[in-house]
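Since the structure comes first, as structure tokens, the remarks are kept for the end.
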Amino acid sequence: MDNTKTNKEIVWVQILYLFIIPTLLLYFKILPGNFRFILLLTVALLLFGIVKHANWTYKDLGINKNFMKDILPYSLFTGGGVFFLIWLAQIVPHGQFLEWWENAKFLLLFIPLSILQEIIFRGILMNMLERTFKSVIFIIILNAAVFSMMHVIYLNSIFVLPMTFIAGIGFAWMYYQYKNLILISASHTVLNFVAMILGFFFIR
């Protein structure tokens, strides 16, 4: 069998078992919602096992000592995203996340969760796709689709899914252009924070 075909089949199976099935387990409440962080951590550990087995380097994951060289494009991207969210909040009905600073779970899990998502979706999944598929457009769209599907667990998913798909396109494109896991994680954290306090995300 052609190695390329075999690699594609392996990646599709990994997407099914490591991304789609865990999300469906939460969506259909086969696993309770408070398991979502544990499940994400488990998926991350399994993916780290794949990375370790494949002997990926820090550079493969987008971790570089000179990460500040990309600070300008990432600052412009993040700033543009913040202004977009603020503008969106003026035209889309939403409920603000009041007194978020008193929510210990939000404060303790927020940054690790944002960083973990970027490690999984850009640092690992993006590289898996780049090693398997040739079309950049297909890689970016597939990465964004898998990323947005994970957000189906939110109550207002009819609005959240297209919004996170657009965000996923942006994150994937930025990471492809400027492979910098540290800055993409910082950008995701800032944009997640703004989206949360504006009230765009409510867990089922």
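The values are calculated or read from the model by the stated rules, or taken from the named source; none is laboratory data. Just so we're clear, the structure is a prediction, and the values are computed from it rather than from any experiment. Don't worry about glycine lacking a Cβ; one is built from the backbone with ideal geometry, like all the others, and counts go over all protein chains shown.
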Of the conditions (1) within 22 Å of ASN143 (Cα to Cα); (2) more than 16 Å from the chain's Cα centre (by Cα), the single one that THR42 does not satisfy is (2)
Helices (runs of 4 or more DSSP H) contained in the range 132-204 and holding at least 1 residues crowded, with 20+ Cβ neighbours inside 10 Å and free of Cβ contacts under 8 Å to residues at least 24 places away in the same chain: 136-149, 157-177
Return yes or no: is LEU109 out of contact with any His (no Cβ under 8 Å at 6 or more places or on another chain), at pLDDT below 90, closer than 16 Å to THR189 by Cβ and surrounded by 13 or more Cβ atoms within 10 Å (Cβ to Cβ)? yes
Apart from one, (1) of a type in the set (A, V, I, L, M, F, W, C); (2) surrounded by 16 or more Cβ atoms within 10 Å (Cβ to Cβ); (3) closer than 27 Å to GLN14 by Cβ; (4) modelled with pLDDT under 90 all hold for PHE97; the odd one out is (3)
Would you mention how many residues in the range 70-94 are farther than 30 Å from ASP60 by Cβ, surrounded by fewer than 15 Cβ atoms within 10 Å (Cβ to Cβ) and modelled with pLDDT of 90 or more? 3
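Looking at SER185, is it at pLDDT 85 or above, farther than 24 Å from TRP87 by Cα and among the small types (Gly, Ala, Ser)?
Details: at pLDDT 85 or above: yes; farther than 24 Å from TRP87 by Cα: no; among the small types (Gly, Ala, Ser): yes.
So SER185 fails the test.
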